[in-house]
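The values are calculated or read from the model by the stated rules, or taken from the named source; none is laboratory data. Only a predicted model underlies this, so the values are computations on that prediction, with no experimental measurement involved. Cβ placement follows ideal geometry from the backbone for every residue including glycine, while neighbour counts extend to all protein chains displayed. SASA here: full protein model, heavy atoms, side chains in, ligands and nucleic acids out. Shrake-Rupley method; radii C 1.70, N 1.55, O 1.52, S 1.80 Å.
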Amino acid sequence: MILYTNFFTIYGNQIIATLVAVIVFTGVRFTIETIIRKFSKKSNLSEARTVLVKRYIDYLIFILFAVMLISIWGIEREKLLLFISSVLTVIGVAFFAQWSILSNITAGIIVFFSFPFKIGDRIKFVDKEFPVEGEIISIKSFYTLVRNSEGEEVLLPNNLLLQKGIIILSSN
C-alpha cells in the first residue's frame, strides 16, 4: 500500500494529466470522425475515400497525442526539441526526395473535401501532351482512375488533377 501511495504522490499530476489528455483526444477524434462522416454522406462520397481521410486524421491526432504525453511526463525540453528537430529533418529530407507522394496525398485530401468531381462523372483532363477523356472509376489517395472510351484505364495523379484543367462533361 505504501508503494502505491508513494507512486501516486510522485506521479499523481502526470497520471491525472494523462487521463485528461486521453479523454480530450478521444473526444476530439470522435468529433472529427463524426464531422467527416456527415460531410461524406451529405456530399455522397464513397466509403473508401471517407475511410482514407479518417485514417490520415487519426495519424495526425496520434502524433499530437504522443507529443502531449511526452510533454506531460517531463522529458527535458531541450532533449525533446533536439529529438523533434532531428525527426523533422529526416522526414523533411524524405519528403523532399519523394515530394510527389506528399503532394498526391495532399491533393487527395483536397479533392475529398472540395469534391469537384466524383465517381461516375465523365471528365476531360486538359493536357497538351496527354489529353484524357473518360469516366471516373475510382478516386484513391494518390491517383484517380479514369476509363476512356476505348476501355483503357488511365491513372491520373491527384496532384496533376489540381494543376491541370478538368472539364466535367457529365455529372453523376
Open item on the list: Every residue in the range 109-145 that is assigned to a strand (DSSP E or B) and in contact with a helix residue (DSSP H, G or I) (Cβ under 7 Å, 6 or more places away or on another chain), please.
Closed with: ILE139, TYR143, THR144
Open item on the list: Could you check the range 30-40 and list, in sequence order, the residues that are out of contact with any Phe, Trp or Tyr (no Cβ under 9 Å at 6 or more places or on another chain) and open to solvent by 50 Å² or more (accessible area, probe 1.4 Å)?
Closed with: PHE30, THR31, ILE32, ILE35, ARG37, LYS38
TODO: Look at PRO157 and say whether it is under 20 Å from ASN104 (Cα atoms) and touching a Phe, Trp or Tyr at 6+ places or on another chain (Cβ under 6 Å).
DONE: yes
Open item on the list: Looking only at the range 146-172, count every residue that is over 23 Å from the mean Cα position of the chain (by Cα) and either in a strand (DSSP E or B) or aliphatic (A, V, I, L, M) (or both) and tell me the total.
Closed with: 10
- [ ] Could you list, in sequence order, all residues of the range 38-84 that are in a loop (DSSP other than H, G, I, E, B), touching a residue at least 40 places away in the same chain (Cβ under 8 Å) and more than 17 Å from the chain's Cα centre (by Cα)?
- [x] ASN44, TRP73, GLY74
Open item on the list: Within the range 109-133, take every residue that is over 27 Å from the mean Cα position of the chain (by Cα) and open to solvent by less than 50 Å² (accessible area, probe 1.4 Å) and give me the one that is modelled with the lowest pLDDT.
Closed with: ASP127
- [ ] Exactly one condition in (1) open to solvent by less than 60 Å² (accessible area, probe 1.4 Å); (2) under 27 Å from PHE113 (Cα atoms); (3) in contact with a Phe, Trp or Tyr (Cβ under 9 Å, 6 or more places away or on another chain); (4) of a type outside the set (Val, Ile, Thr) is not met by ALA21; state its number.
- [x] (2)
Open item on the list: The conditions are (1) open to solvent by 50 Å² or more (accessible area, probe 1.4 Å); (2) modelled with pLDDT under 85; (3) in a helix (DSSP H, G or I); (4) more than 26 Å from LYS41 (Cα to Cα), and SER100 fails exactly one of them. Which is it?
Closed with: (1)
Task: Unmet requirement for GLY165, which otherwise passes all of (1) more than 22 Å from ASN44 (Cα to Cα); (2) at pLDDT below 85; (3) open to solvent by 40 Å² or more (accessible area, probe 1.4 Å) - done: (3)
